Amino acid sequence: MTPSHRVIELRSDTEQYDIHVGQGVIVSLGTQLAEFLPGRKAFLLSHPGLLQLYGDAVTASLQEAGFTVETCSIPEGETTKTLQTAADLFTRLAQCGADRQSVLCAFGGGVVGDIGGFVAATYMRGIPFVQIPTTLLAMVDSSIGGKTGVNHDLGKNLIGAFYPPRAVCTDITFLGSLPEREYRCGLSEIIKAGVIDDVELFAFIEAHVEAIRQRDAQVLTTLIERAIAVKVRVVQEDPTEQGIRAILNFGHTIGHALEAATAYEQYSHGEAVAIGMALVARLSEALDYCTPAVCNRLYAVLEALELPVTYTDIDSQDLLEVMAHDKKTVNGVMRFILLQDIGSVVYRQEVPLDTLQGLLAQYA
Ligand SMILES: NC(=O)c1ccc[n+]([C@@H]2O[C@H](COP(=O)([O-])OP(=O)(O)OC[C@H]3O[C@@H](n4cnc5c(N)ncnc54)[C@H](O)[C@@H]3O)[C@@H](O)[C@H]2O)c1
Ligand SMILES: [Zn+2]
């Protein structure tokens, strides 16, 4: 193990696995997996660009531990996350003789992780699956918690399964090549983790803005470990999303509506969530859940990391229309996760749509 190699354990009734975090942990991926996987056939699912950058290193790690490696490459982008891509992958697995002893390694961002997990969950009723996240968002969010799936014409992530990975290998060095916008997208989720459950993480972000912008490896390691710890704590408490796990959706109700109202073209997920968090903080302030100072603290961090706090080019009425049609809206009342203090939120508070309307008129 390299000096920065840390292991975060996730143990719930339905999920048990280790998350390996650090710089260079990919080198020991093969030996880690060989310890508990009986088979020696690995399928490496990724995108052409990522395979070009890191395919040899990942393959070498697996081969050195005795695995044979078949590479499966799928095009980049959300439009790839479909049943058709899954069907093509089933064909490929079957043609290459994949069996229940084989392991599917998803090497990429949330798109590869979600579709890889879904294919692993359903091929032969389930084969071992490993997450190797390469985006900041995937490292702190989508690789943990066992949600897998694909999109359908009638809804995002409409088809899927809870299927935990057998291990997660989070090598921070992959972030060196991540495009700036994708990087900021992940930062938004890390800020969210601090806001909902870790005031020290939030204070650490406040104190290290410049190092975060520079992608300082040491600082990033701390950020990622702490954000993972937040997600692990929440998922352990509520593995199948019956209650407390809802707090992970802080800022997401407005965020999702913004993404949908702009046909997923204007804002990245992280940008939409940043705006959602800012507006829901103002909503919390307006409803006397938190002080203006708490709200301002969140705004300051979002702005320092160049994340948006308000939207432009979209009519607030259109946004409200989308929210009114959201399945979480009942009789004109929506449920929100509201901010009490940094590190503390209250979930499923009912807010009338017209209160929201007044707020958007003021802040958006
Ligand atoms: N399962 C969950 O719990 C969960 C949670 C949140 C989001 N998601 C899903 O995750 C998806 C979004 O994931 P994402 O934001 O990681 O996007 P993504 O997987 O589309 O990756 C973004 C882009 O970055 C590129 N890329 C990835 N790593 C790179 C690297 N290290 N260097 C250079 N380029 C790199 C990819 O090729 C891609 O073009 C969505 O489909 C969303 O629904 C799932
Ligand atoms: Zn999110």
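The values are calculated or read from the model by the stated rules, or taken from the named source; none is laboratory data. Note that the structure is predicted; figures quoted are calculated from it, not measured. All Cβ positions, glycine included, derive from the backbone under ideal geometry; neighbour counts span all protein chains shown. Note: areas computed on protein heavy atoms with side chains; ligands, DNA, RNA excluded. Shrake-Rupley method; radii C 1.70, N 1.55, O 1.52, S 1.80 Å.
Go through the stretch 189-238 and report how many residues are of a type in the set (Asp, Glu) and within 16 Å of ligand 2 (Cβ to nearest atom). The qualifying residues number 2.
Taken together, Leu320, Leu307 contain a single residue that is buried (at least 16 other Cβ atoms within 10 Å of the Cβ) and over 24 Å from the mean Cα position of the chain (by Cα), which is Leu320. Selection of helices (runs of 4 or more DSSP H) fully inside the stretch 154-225 by the criterion of at least 3 residues being open to solvent by 50 Å² or more (accessible area, probe 1.4 Å) and closer than 19 Å to His269 by Cβ returns 180-197. Asn157 meets the conditions (1) within 16 Å of ligand 2 (Cβ to nearest atom); (2) modelled with pLDDT of 95 or more in every case but one. The failed one is (2). Quick one: in the stretch 323-338, which of the residues that are touching a Leu at 6+ places or on another chain (Cβ under 8 Å) and not β-branched (Val, Ile, Thr) is surrounded by the fewest Cβ atoms within 10 Å (Cβ to Cβ)? Taking the candidates together, the pick is Gly332.
With respect to the conditions (1) surrounded by 15 or more Cβ atoms within 10 Å (Cβ to Cβ); (2) among the charged types (D, E, K, R); (3) within 16 Å of ligand 1 (Cβ to nearest atom), Asp56 lacks only one, and its number is (1).
Selection within the stretch 261-285: residues that are open to solvent by 10 Å² or more (accessible area, probe 1.4 Å) and part of a helix (DSSP H, G or I). The member of this set that is nearest to ligand 1 (Cβ to nearest atom) is His269.
Residues in the stretch 98-145 that are in a loop (DSSP other than H, G, I, E, B) and farther than 22 Å from Ala272 by Cβ: 8 in all.
Condition check ((1) over 18 Å from Ala57 (Cβ atoms); (2) among the polar types (S, T, N, Q)) across all residues:
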| residue | (1), (2) |
| --- | --- |
| Gly97 | yes, no |
| Val103 | no, no |
| Val111 | yes, no |
| Ile115 | yes, no |
| Phe118 | yes, no |
| Ile132 | no, no |
| Thr135 | no, yes |
| Ala138 | no, no |
